[in-house]
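The values are calculated or read from the model by the stated rules, or taken from the named source; none is laboratory data. Owing to the predicted nature of the structure, the values given are computational and were not obtained by experimental measurement. Cβ coordinates were reconstructed from backbone atoms using ideal geometry, including for glycine residues, and neighbour counts include every protein chain displayed.
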Amino acid sequence: MSAGGLESIYHLHRAELLRLLYARTGDASEAEDILQDLWLKAHAQQTATLSNSKAYLYRMAQNLVIDRVRERNRRMCRDYQWVTDFTLAHAGTCGWYRSAEDAVQERDEVERLSGAIEMLPEGARAVFRLHKLEGLSHAEVASRLAISRSGVEKHMAVAMKYLRRALLN
């Protein structure tokens, strides 16, 4: 099959390929970009014979998606490494790190919040800890404490109201 044959199969299945690429990437513009790359590859391809040129095009499309994902991951790792190295190298000069005063103020706020949590009514404190600190959903908290979801919501409302008052004073 010549490049013209693969190219004609591409044009015949272009809409299907675009749907596949959109499904794989979740981004219409990226799917169009990959489809353009696929067309360039199909146009330049010099294959002798292919038993299933449609499958070959779909595999090419999938490989292009995989290549994009790998490149994106490499770029993210490279950028993360650069930011990390830059931050460590310029820690004292960029002002990105907290001052001692900020650290003391943050510690005081944490102590105030911890004290306020300890002063919550028992039920509200238990619900607050499970939901906000342990990350359980309202349904999971209800199940663990053997109370209704409505009960969880009421305890959370009490806790949030109390904590707001305690931290504003």
Requested in this report: Quick one: which helices (runs of 4 or more DSSP H) lie wholly within the range 1-96 and hold at least 3 residues that are at pLDDT below 85 and not hydrophobic (A, V, I, L, M, F, W, C)?
Outcome: 3-12, 53-89
Query - Filter pass, residue 116 being over 31 Å from the mean Cα position of the chain (by Cα) and surrounded by 10 or more Cβ atoms within 10 Å (Cβ to Cβ) - result: yes
Query raised in the report: If a residue has to be buried (at least 17 other Cβ atoms within 10 Å of the Cβ) and within 19 Å of residue 166 (Cα to Cα) to count, how many in the range 119-144 make the cut?
Result: 6
Query raised in the report: Pick from 112, 125, 129, 107: which is over 23 Å from residue 154 (Cβ atoms), assigned by TED's automatic domain parsing to the domain that holds residue 160 and touching a helix residue (DSSP H, G or I) at 6+ places or on another chain (Cβ under 8 Å)?
Result: 112
